[in-house]
Every structure is written in structure tokens, then in C-alpha cells.
Amino acid sequence: MIDQRILKIASDTSNYGLEKNFTHYASQKNKICGDRISLEIKTNKNIIEKIRYETESCIFCQASASIISAKFKDLNLDNLK
């Protein structure tokens with residue numbers, strides 16, 4: 001059974017949905033499981049202003065994308081690397 005905390009994180013869709021307004025974009029498909037994720041990042045002076053995502057994936061990938069979109073906002077790209 002999937003932990004309720006993971007379901008709660010994955011159900012947070014506040015950063016879900018691409019807006020086509022970005023400075024950085026990536027899209028990848030996991031060849032092993034078939035999960036697909038697309039990320040849009042908008043920066044200003046090397047600071048992450050916004051992260052948006054879309055997935056076609058399992059609940060674990062959805063939860064991971066939700067966490068990344070919430071935690072990486074306001075970070076400096078150089079520090080993130």
C-alpha cells in the first residue's frame with residue numbers, strides 16, 4: 001500500500017501544468033519504466049522564480065516533481081548545480 005504522505009505530496013498540483021513561459025526547459029522519458037516528465041524553469045538574474053512540470057508517470061515520480069517544484073523556487077542556479 002502507498003503511504004498517505006506520498007499521496008498527499010503527489011496530489012499537490014499547485015505547480016502542475018506547463019505555461020510555455022520559461023528560460024530553461026527539459027523533457028525526459030525513463031526508458032525502463034516509461035515515466036515521462038517535462039520541466040519549465042523561469043529565472044531572473046540566475047534565481048529560480050518559477051518551476052512548472054507535467055508528468056505521465058507513477059505516483060512516486062509525481063510526488064518527486066511536486067517536491068522539486070516547491071523546494072527549488074528562489075534558489076540560485078549556481079548553488080543548485
Query raised in the report: What accessible surface, in Å², does a 1.4 Å probe find on D35, ignoring ligands, DNA and RNA and rounding to the nearest 10?
Result: 30 Å²
Report task. Step through the table entries K8/K73; K31/K81; K8/K29; K20/K81; K8/K71, compare each Cα-Cα distance with 18 Å, and write down the pairs that go over it. Result -> K8/K73; K31/K81; K8/K29; K20/K81
Query raised in the report: Which value results when the Cα radius of gyration for the chain is divided by 2.2 N^0.38 Å?
Result: 1.12
Report task. Using only Cα atoms, tell me the angle between helix 59-71 and the longest principal axis of the chain; keep it within 0 to 90° and round to the nearest 10. Result -> 30 degrees
Query raised in the report: Rounded to the nearest whole Å², what accessible area per residue is found for the chain with the 1.4 Å probe?
Result: 72 Å²
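The values are calculated or read from the model by the stated rules, or taken from the named source; none is laboratory data. A quick note: this is a predicted structure, and the numbers were derived from the prediction, not measured. Ligands, DNA and RNA are stripped out before the accessible areas are found, and what is left, the full protein with its side chains, is counted by its heavy atoms. Shrake-Rupley method; radii C 1.70, N 1.55, O 1.52, S 1.80 Å.
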